Amino acid sequence: MIPVYQPWLCGNEKKYVMACLDSNWISSRGFFVEEFEKQFAAYTGVKHASAVANGTVALHLAMLALGIKDGDEVIVPTLTYIASVNAIAYARATPVFVDSLKETWQMDPADIEKKITAKTKAIMVVHLYGHPCDMDAIMAIAKKHNLYVIEDCAEATGSYYNGKHVGTFGDIATFSFYGNKTITTGEGGMVVTNDEKIHNHVLHYKGQGLAKGREYWHDVVGYNYRMTNICAAIGLAQLEQIEFFLSKKKELAKKYKEKLDHLPLAFHDPVGPIEHSYWMISILTERADDCEPLREFLKKRGIESRPFFRPAHKMPMYEECGGNFPVAERLSSCGINLPSWPGLTVTDLDVICADILQFYSRCNTVAQRGCCTDVKT
Ligand SMILES: *Cc1c(COP(=O)(O)O)cnc(C)c1O
């Protein structure tokens, strides 16, 4: 089976993990935690970075650090991974969904503006599949309406907007280092900000709400959301290889497009003053009814793929926050993520593309591809 993703652990990962074991520093304090935070802050160009247990708690900490609470509304794209929306629910705030843009698949600034009410406190920006959102437009809206901006950069390590790394535009930003993310720590995440006060809130909440300078005195309901030194050791080794990962992924995206460009497929092309990091290399089938048959066809030939996320407003716990999101729904029903890990060989890529070509040539009539009469544009 050719996997959609797997980590590439061919750098100093083993050496650094052994250094943790040899030194007895295996818990959430130690050299690698500090060093990983320092180097990640330098890489993204922010003042403060705080390593945490995963990308989901990173988002929860962002909510806590901004003081988002019961009764507040947070605007979020409906087409995102569920963790973005759940973090809003953890803070007892209400997610308010917006639709996506056809061209970039990112949240639609015009729809954001429509959804702002007196209760709106923040916009949660998600840079989906490695393509940055339209940050000029979003920051202008936030400024005009005095709203916080949280950037969920879980899928966008190595993505740039106007020459600046994503996560440096809003008040606070989060990253994920799950096993299938651009760099991994196994499970892990990072919270970054340029604001010292916000950073101190993050440290406070992630470390059990411990008060400054007093032992075993806790002045808020805190959490244990820290990253271990072992995870940070893996993270530091991964960060050393980031340019290699990004160049490999960009090369794969280019090759897929070259080979498949003449088929009835759309690609996730960069739009605007951006650098796309291609966390996932994605295609859209022209017709929604080709999507599942193509995935089935690939699966039978040992090629794993993933559908796009399902819009969050469709999930039972968020149904009541629903509305009309035609672009997000269409993207979700036509989108496929192809094998995208940096170690994927050119031979594997050729096999995958040949199979996709075969799907479209063998099943060259719509009926053969398992389609009905649905012709959406
Ligand atoms: C992966 C991901 C997260 C959650 O990260 P975990 O480390 O898996 O908890 C959050 N948001 C988005 C958009 C993601 O892709």
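On inspection, Ala19 does not qualify as within 16 Å of the ligand (Cβ to nearest atom) and of a type outside the set (D, E, K, R). Taken over region 3-36, the criterion of being over 19 Å from Glu240 (Cα atoms) and assigned to a helix (DSSP H, G or I) is satisfied by Leu21, Asp22, Ser23. Counting only residues that are under 18 Å from Leu59 (Cβ atoms) and without any contact (Cβ under 8 Å) to a residue 60 or more places away in the chain, region 129-146 holds 3 of them. Looking only at region 181-225, residues that are more than 16 Å from the ligand (Cβ to nearest atom), more than 15 Å from Met63 (Cβ to Cβ) and among the aliphatic types (A, V, I, L, M) come to 3 in all.
Answer with yes or no whether Lys102 is in contact (Cβ under 8 Å) with a residue 24 or more places away in the chain, assigned to a loop (DSSP other than H, G, I, E, B) and out of contact with any helix residue (DSSP H, G or I) (no Cβ under 8 Å at 6 or more places or on another chain). No; evaluated as a whole, the condition is false for this residue.
How about region 16-53: which of its residues are within 21 Å of the chain's Cα centre (by Cα), aromatic (Phe, Trp, Tyr) and farther than 14 Å from Asn194 by Cα? The answer is Phe36, and nothing else. For region 169-194, a residue qualifies if it is surrounded by 20 or more Cβ atoms within 10 Å (Cβ to Cβ) and within 20 Å of Ile68 (Cβ to Cβ), and the qualifying residues are Phe169, Gly170, Ile172, Ala173, Thr174, Phe175, Ser176, Gly189, Met190, Val191, Val192, Thr193. Only one entry of Ala19, Ala49 meets the criterion of being in contact with a strand residue (DSSP E or B) (Cβ under 9 Å, 6 or more places away or on another chain) and either within 22 Å of Met315 (Cα to Cα) or not β-branched (Val, Ile, Thr) (or both), and that entry is Ala49. Filtered by the rule that a residue be assigned to a helix (DSSP H, G or I), away from the ligand (no atom under 15 Å from the Cβ) and hydrophobic (A, V, I, L, M, F, W, C), region 37-76 gives Ala41, Ala42, Leu64, Ala65. Restricting region 138-168 to residues that are within 12 Å of the ligand (Cβ to nearest atom) and in a strand (DSSP E or B), the residue that is surrounded by the fewest Cβ atoms within 10 Å (Cβ to Cβ) is Glu151. Selection of region 195-221 for residues being crowded, with 18+ Cβ neighbours inside 10 Å, under 24 Å from the mean Cα position of the chain (by Cα) and farther than 16 Å from Val33 by Cβ yields Ile198, His201, Tyr205.
Each value in this text was obtained by applying a stated rule to the coordinates, not by laboratory testing. Only a predicted model underlies this, so the values are computations on that prediction, with no experimental measurement involved. Positions of Cβ are backbone-derived with ideal geometry, glycine not excepted, and every protein chain shown enters the neighbour counts.
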